[in-house]
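Structure first, then comments.
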Amino acid sequence: MSTVPDDLRYSKEHEWVRADGDVATIGITHFAQEQLGDVVFVELPEKGATVRQYSSLGVVESVKAASDIYAPISGEVLERNVKVIESPELVNTDPYRDGWMVKVRLADKGELAKLLSPADYRSHIGETAGAGAD
Amino acid sequence: MTVRTHVIPDVGAKTAVPALEPLLFELARPGRSGRHVVSDDAADIPAAFQRKTPLHLPELTEPQVVRHYTHLAQLNYSVDAGMYPLGSCTMKYNPKVNDRVASLFADLHPRQSYRTTQGVLALAYELEQMLAKITGMDFVSLQPQAGAQSEFTALLVFKAYHAKRGEAATRRRIIVPDSAHGTNPASAAMCGYQVTTVKSDARGNVDLDALKSALGPDVAGFMLTNPNTLGLFEERVREVCDAVHGAGALVYGDGANMNALLGIARPGDLGFDCVHINVHKTFSTPHGAGGPGAGPLCVKAHLRPFLPKPWIVREADGSYHYDTAREDRAPAGLGDSIGTIKQRIGNFGVLVRAYTYMKTLGEDGMLETGRDAILAANYLLALLRDKYDVAYDRTPMHEFVLSAAKQKRQGASALDIGKALLDEGFHSPTVYFPLIVAEAMMIEPTETEPRETLDAFAAAMKRIAERAESDPASVKAAPKYTPLARLDEVTAARKPVLRWQRPV
Amino acid sequence: MNANPYSPHTEEDRAAMLERIGVRSVDDLLTAIPKDARFPRLGLASGLSEMEVQAHLERLAAMNRTAGSGPFFIGGPIQRRYIPAAVPVLALRGEFLTAYTPYQPEVSQGTLQGVFEYQSLIAELLAMEVVNSSMYDGGSATAEAAFMAVRVTGRKKVVVATEVDFTYRRTLRTYGRGPELEIVEVPTAKLAASAEDAACLIVQHPDAFGSLVDVRQIADAAHAAGALCVQVTEPHANALLEPPGALGVDIAVGEGQPLGITMSYGGPHLGIFACRESLVRQMPGRIAGQTLDANGTRGFVNTLQTREQHIRREKATSNICTNEALAAITAAVYLSLLGPEGLRAAARAGVARAHALAKRLAALPGCAIANEGPFFDRFTLRTEIGGWDLRNALIARGIQVEATASHYVDGRREGRDDVIAQCTELTSEADADALVDAVAQLARSPETVAAR
C-alpha cells in the first residue's frame, strides 16, 4: 500500500478525501497515524450533521496526544464509520480503507480543487515525489 | 523494587522483586470484619429513603488490611527510598518533624470559632508574612490547595482587577510561552480566557519580539515560569514584565521553580505582579503519591483587594480574627474580592508542614537552599554533558533539560532511558517535557542529594548511554527489575477498566 | 555546619563540585539574574533546631481548643469521626507519603492499585459507574461538576439549591466568575421547577441542615429539560440511604474527609467525583485504569489522560494536576477496615444519636427542631435565643456548635438564625447531656443571653 495513494486528495492537516460522484469518504493519512502512534479513541459527528471545510470534524487520540480532525470538504454526514469507533486501531492498520472516518455528501465539488494533489501532499510531508511507496 | 544504597557508585546487586498484591476485593470473604466502631445503634430512616441497592464493600480483617497496604507500599518508589530527579517537581527530602507537628493540629474543625483557634491563626498569619518576604510580594492568600488552583485564583484576580478598571470585556486573552506547564493554558481556558502561545528564542528565553507583537489592549495577562521549564533564568525578565505592563496587562509568576530562587532573587523584585508557591515542592511538604499540595498566592499591593476572603487580621493586642467573619461586631464586606476558593485557610495540614520547614531553615538556611540546588544541577550537568545533548547550552539554575535525540537515533528513546534508570534503582527524570525539546529529559536533583548519589546517578545515566550505543535493544527491554514490565497504556485507554467488577 | 540541616554537602563537596563545573563560586552561575535583584536578604528569623521547632509548634497548638476537648457538634461536610489506628499507620507510610504522581507505573503500582481500589470502593458506595482519583475537596468538586455539566450541555446556567452547603455555594460562585456562568440559587423545593435552560441542577442530600431530599424527582426534572443532575453527597450517608446512582444522578460529588481523614482545620481533604460512564471523557482529574504489562501480568496505569492539562492544555477538561491521592488511599484504607457493616454502624450511630438528641432538645421549653421533614445525622435547633447568640453562649460553656447564621455574605449574616448539631459515632451520651443541660439553662433566661 502506498503511504500517499495516487487516487486521493489531501489537506495540509493530513486528512484524505476519496470522491465518488457527490459522495466523499474522509480519513486521516498514513503520515498522520504514524505521528500520532497507537490510536485509542475516535470521536465522529452523527449522521445528518453538516460540516464545513477546514472546521473541526472530530477528534482522534493516542495515549499521549489528541488531535482535531478537520473537514477537508463541506457537506452533510451520510455515515460515520462505527467500526473505527469500536476498533480505533483500524486507523493505524488501514488508514485508507477500513480506517475511514465519515462519508459526506459534497456540498461544493469545487472545494476538491482547493485540496492538495498526491504529489503536493508528498512534498508537504517532506517526501520526495514518488518515494512514498512502501 | 530494586534496592540500592545510592552510596556505592557501581551496579548494585539486584534484590528480589516484591510480589504483586491481589485487589482488596479478591482478598475479601463474606463474614470477615474488624470491630472499629460501636454497632449497637438503630437508625430511624423512612423506608422511601433507605438503601435498597446492595453494598458490596470488601469484608476483611485488620491483619489482612495491614498486609495488603504494606505490600502495596513496597511496590512504590519514593523520596524516602531514593533520588527522584523529576524536573519541575522539586522532589527534595521531606523532613519527618513536619509530619509529627502537623498531627498537633489534626483535631480542629474549620468552622470553629476564631476564639478557639488562635494558634491556627497565629501560625497562618506568620506564614503569610514569611511567604511575602521570600517572594518579595505584599500579601498572601493561603486558600489555593495546589498550584493549578492558585493559577486559576490568580486569573480570577486578574479578571476582577481589569473589571474594576472597566476593561474586563476587552481583555479576553492570556499569553503563555510555548515552554509553559500545561496547567497555565488550562487555567486560562477555565477562567474563560483565550490562550495565545508565544515561542521561545534560541537561548530558551521568551521571544521578546514575539511577545510584543502578541500584546495588545485585549490581553489580560502573561504567565511566566522563572526559571522556566528549561531550568533557565529569563535573561530579559524585566523587559518582559515591562512590555506586559506597558500593554496594561499583568504578569503571573508560576512558582513551580521557586526552589531555584530561594535566597537568589525574589519575583517581586523582578517585575511580577504575583507568584504562586507550590509548598509541596519548594517547602518540602510530602507529595502524597500525587497530592495533597498547597498553593499560596502571593501578590503585590495593587492586587490585594481582589484576593479571596476571609483575610486574617491581627489586632494590636496580638489576637487574630477573620475580617469577613467577625463574631463580636459587624464583619467587613467582600468588597472587590473574587469570593472564596476554600473556606478559611486552605490545606492547613500541608501549610503547617511548610511553616515548620521554614522555621527550621530560617534566613540562612533559606539562602543556602537555592545555592545548593543550583550547585547540584550544574554539577550533574557537568557529569552528563559529554554523553547527552544539552537542549539549550546555557548555565542552568536548579534543573536542566537534556535531549536523548542522539540516543533515539541509536534506538533508545528518552522513555527507554527513563525505564532503564528504574533498573538502576533511580526514578526517571521528567520525560517529553518541555514540549519544545525533542526527546526531553528534565533533571532536577534538588539540594538534598549527597554528592555520592549525584555521582551514582550520573554513572547510571552514562551506562545507559553506552548501552544505547552498543545494545539499544537492552535499553528498550527495560525495566527488568521492577515489579512489573512496561505497562500497556494503549489497551488501558482503548478498553478502559476503571473499577473492579464483581464476577457475575 | 550547614544552615539548612537537610543539606548533605560538606565544604569539601561544594569545592569539588564547583571545580568539576569549572567555576570558582556559585555566584558565577548566576550572571543571568539582574545584579540589583541578586541575593536579597529576606528578613526571616534564624533557623531552629528540631527540638525547638517541636516546642514552638506545641505552643501554637496549645492556643487552640481541639474538637475532642469537650462536647462537639460542628459538622457538615467535615466531620469528627473515629479513625481506626491502622489508618494513619498505613496511609502515612513513606512509600505513599513521599512518592510523586505515578508517572512511572512500573515503580508506582502501590499508588496506582491503591487509587484503583479507591475508585472501585467509592463507585460501589455511590452506585456510580466511574470515579476519578480525587479532586481537592467537596467544594472544588462541586464547582468542577458544574463546569462539566456546562461542557456536556453547552448551556451556561447552573441552578443550585440554597440548602447546599454554604461553602460549596461560595466556591461555585467564585469559580463561576471565570467562564461567567449564570448561577441561580433556589430553595430545594423549587429546584425541579427551575431546570429550563439549565446545564445542571445541584442538590445536596442529606442537605446542609441534615434534611432528606427526594433526589429522584429532581433528577427526572433535570433530564426532562435536557439538564444534568448533580448530587452533593456525604460518604457515610450512602451506607444507609439510596445512593446517587440509584436516584438517576449524573454526577455525584462530595467531601471524602469523614472517611478516616483528619479534620486538620479544613485540609488536606478529599474531593469525591463520580459520574456516568457515558460522560467519562468530560470528567476532570486523573483516573487509574487496569491493564496488562508486557508479560501479560495485571497492572494499573493512569489512563484517559488526553482529557488532562499536560496533554490537552487549553482544551483540557480541567486544570487540575496535583490532587489528593494520599487522601484517596486513606479513604480506601478506612473503608477496607470498616467494611460494609462497620460503615453502616458508624452511620447508624450518627443518625440514632442525632435523633435521640433532637427529641430531648425539642422537649425543652422554647425549643423546636426546624427541619421540615425527616433528617439524617444532623438537625437544626430553633430557640427564642436565636442561633447566633446561643452558639456563642454555648462556646463560653465549652460546647462547640455551629450557627446557621454564622455564614456571612458581604457583611450580613446569611440564612436562618438557628444552630446545627451534627452527631457521629463519637458523640457521647455525656456530650448530649451537656448540650441539653446548657440549652435548658440558657432557654430559661433568654434575656441574659441576648444581653451579652
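Taken together, the criteria exclude B:Gly253 from residues that are over 23 Å from B:Leu86 (Cβ atoms) and in contact with a Pro (Cβ under 7 Å, 6 or more places away or on another chain). The helices (runs of 4 or more DSSP H) found entirely in the stretch A:1-112 that carry 2 or more residues being out of contact with any Gly (no Cβ under 8 Å at 6 or more places or on another chain) are A:30-36, A:82-86.
Scanning the stretch C:173-193 for residues that are open to solvent by less than 30 Å² (accessible area, probe 1.4 Å), farther than 20 Å from C:Glu144 by Cα and small (Gly, Ala, Ser) yields a count of 1. From the list A:Ala66, A:Ala19, the lone residue that is open to solvent by less than 50 Å² (accessible area, probe 1.4 Å), of a type in the set (A, V, I, L, M, F, W, C) and at pLDDT below 95 is A:Ala66.
Here C:His205 clears all of (1) farther than 21 Å from C:Ile74 by Cβ; (2) more than 15 Å from the chain's Cα centre (by Cα) except the condition numbered (1). Give the number of residues within the stretch B:15-31 that are surrounded by 14 or more Cβ atoms within 10 Å (Cβ to Cβ) and among the charged types (D, E, K, R). Matching residues across the stretch B:15-31 total 1. Within 23 Å of the chain's Cα centre (by Cα) and open to solvent by 30 Å² or more (accessible area, probe 1.4 Å): is that true of B:Arg314 in this structure? No.
Here are B:Ala132, B:Ala186: which of them is closer than 12 Å to B:His276 by Cα and either more than 8 Å from every other protein chain (Cβ to nearest Cβ) or not in a loop (DSSP other than H, G, I, E, B) (or both)?
B:Ala132
Inclusion of C:Ala221 among residues that are away from every other protein chain (no Cβ under 12 Å), outside any loop (DSSP other than H, G, I, E, B) and open to solvent by 10 Å² or more (accessible area, probe 1.4 Å) is warranted. From the list B:Thr448, B:Thr491, the lone residue that is within 7 Å of another protein chain (Cβ to nearest Cβ), touching a Ser or Thr at 6+ places or on another chain (Cβ under 8 Å) and either of a type in the set (Phe, Trp, Tyr) or surrounded by fewer than 23 Cβ atoms within 10 Å (Cβ to Cβ) (or both) is B:Thr491. Go through the stretch B:230-248 residue by residue and tally those that are more than 14 Å from chain C (Cβ to nearest Cβ) and aliphatic (A, V, I, L, M). Summing the residues that are more than 14 Å from chain C (Cβ to nearest Cβ) and aliphatic (A, V, I, L, M) in the stretch B:230-248 gives 3.
Among residues of the stretch B:151-210 being in contact with a helix residue (DSSP H, G or I) (Cβ under 6 Å, 6 or more places away or on another chain) and aromatic (Phe, Trp, Tyr), the one that is surrounded by the fewest Cβ atoms within 10 Å (Cβ to Cβ) is B:Tyr161. Restricted to the stretch C:94-161, the set of helices (runs of 4 or more DSSP H) holding at least 1 residues that are at pLDDT 95 or above and either closer than 30 Å to B:Cys191 by Cα or more than 7 Å from chain B (Cβ to nearest Cβ) (or both) comprises C:109-126, C:138-153. Applying the criterion of being of a type in the set (Val, Ile, Thr) and over 18 Å from the mean Cα position of the chain (by Cα) to the residues of the stretch C:288-347, the residue that is nearest to B:Gly192 (Cα to Cα) is C:Thr317.
Is it fair to say A:Gly21 is in contact with a strand residue (DSSP E or B) (Cβ under 7 Å, 6 or more places away or on another chain) and not hydroxyl-bearing (Ser, Thr, Tyr)? Against the criterion (in contact with a strand residue (DSSP E or B) (Cβ under 7 Å, 6 or more places away or on another chain) and not hydroxyl-bearing (Ser, Thr, Tyr)), A:Gly21 does not qualify.
Against the conditions (1) among the basic types (Lys, Arg); (2) outside any helix (DSSP H, G or I); (3) closer than 28 Å to B:Asp80 by Cα, B:Arg499 satisfies every one except (3). A residue that is buried (at least 18 other Cβ atoms within 10 Å of the Cβ), at the interface with chain C (Cβ under 7 Å from one of its Cβ atoms), assigned to a helix (DSSP H, G or I) and not aliphatic (A, V, I, L, M) cannot be found anywhere in the stretch B:79-92. For C:Thr31, the conditions (1) facing another protein chain (nearest Cβ under 7 Å); (2) outside any helix (DSSP H, G or I) all hold with the exception of (1). B:Ile345 meets all of the listed conditions (1) at pLDDT 95 or above; (2) of a type in the set (A, V, I, L, M, F, W, C); (3) under 21 Å from the mean Cα position of the chain (by Cα) but one, namely (1).
Residue by residue, here is whether (1) open to solvent by 10 Å² or more (accessible area, probe 1.4 Å); (2) among the basic types (Lys, Arg) holds:
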| residue | (1), (2) |
| --- | --- |
| B:Leu60 | no, no |
| B:Arg67 | yes, yes |
| B:Leu72 | no, no |
| B:Lys96 | yes, yes |
| B:Arg100 | yes, yes |
| B:Tyr125 | yes, no |
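Listed by first and then second residue, the pairs with beta-carbon distance under 6 Å, at least 6 apart or on different chains, first residue in the stretch B:135-160 and more than 8 Å from every other protein chain (Cβ to nearest Cβ), second acidic (Asp, Glu) and part of a helix (DSSP H, G or I), are B:Val140/B:Glu128.
Every listed requirement among (1) more than 13 Å from C:Ala252 (Cα to Cα); (2) surrounded by fewer than 24 Cβ atoms within 10 Å (Cβ to Cβ) is met by C:Glu163 save one, (2). Highlighted here are the strands (runs of 3 or more DSSP E) found entirely within the stretch C:240-332 that include at least 3 residues which are under 30 Å from A:Lys64 (Cα atoms) and within 7 Å of chain B (Cβ to nearest Cβ): C:287-292, C:298-303. Within 29 Å of the chain's Cα centre (by Cα) and either closer than 16 Å to B:Ser413 by Cβ or of a type in the set (A, V, I, L, M, F, W, C) (or both): which single residue out of B:Val490, B:Val475 fits that description? Matching residue, one of B:Val490, B:Val475: B:Val490.
Restricting attention to the stretch B:358-389 and to residues that are out of contact with any strand residue (DSSP E or B) (no Cβ under 7 Å at 6 or more places or on another chain) and part of a loop (DSSP other than H, G, I, E, B), the residue that is nearest to the other protein chains (Cβ to nearest Cβ) turns out to be B:Arg385. Among the residues making up the stretch B:338-357, those that are touching a helix residue (DSSP H, G or I) at 6+ places or on another chain (Cβ under 6 Å) and within 7 Å of chain C (Cβ to nearest Cβ) are B:Ile338, B:Gly339, B:Thr340, B:Ile341, B:Gln343, B:Arg344, B:Ile345, B:Phe348, B:Gly349, B:Thr356.
Filtering the stretch A:88-125 down to residues that are of a type in the set (Ser, Thr, Tyr) and open to solvent by 40 Å² or more (accessible area, probe 1.4 Å), which residue is farthest from A:Val23 (Cα to Cα)?
Ranking the candidates gives A:Ser123 first.
If we scan the stretch B:425-439, do we find a residue that is surrounded by 24 or more Cβ atoms within 10 Å (Cβ to Cβ), of a type in the set (Gly, Ala, Ser), at pLDDT 95 or above and outside any loop (DSSP other than H, G, I, E, B)? There is no residue in the stretch B:425-439 that is surrounded by 24 or more Cβ atoms within 10 Å (Cβ to Cβ), of a type in the set (Gly, Ala, Ser), at pLDDT 95 or above and outside any loop (DSSP other than H, G, I, E, B).
The values are calculated or read from the model by the stated rules, or taken from the named source; none is laboratory data. Here the structure is a predicted model, which is why all the values come from computation and not from measurement. Positions of Cβ are backbone-derived with ideal geometry, glycine not excepted, and every protein chain shown enters the neighbour counts. Heavy atoms of the whole protein, side chains included, go into the accessibility calculation; ligands, DNA and RNA do not. Shrake-Rupley method; radii C 1.70, N 1.55, O 1.52, S 1.80 Å.
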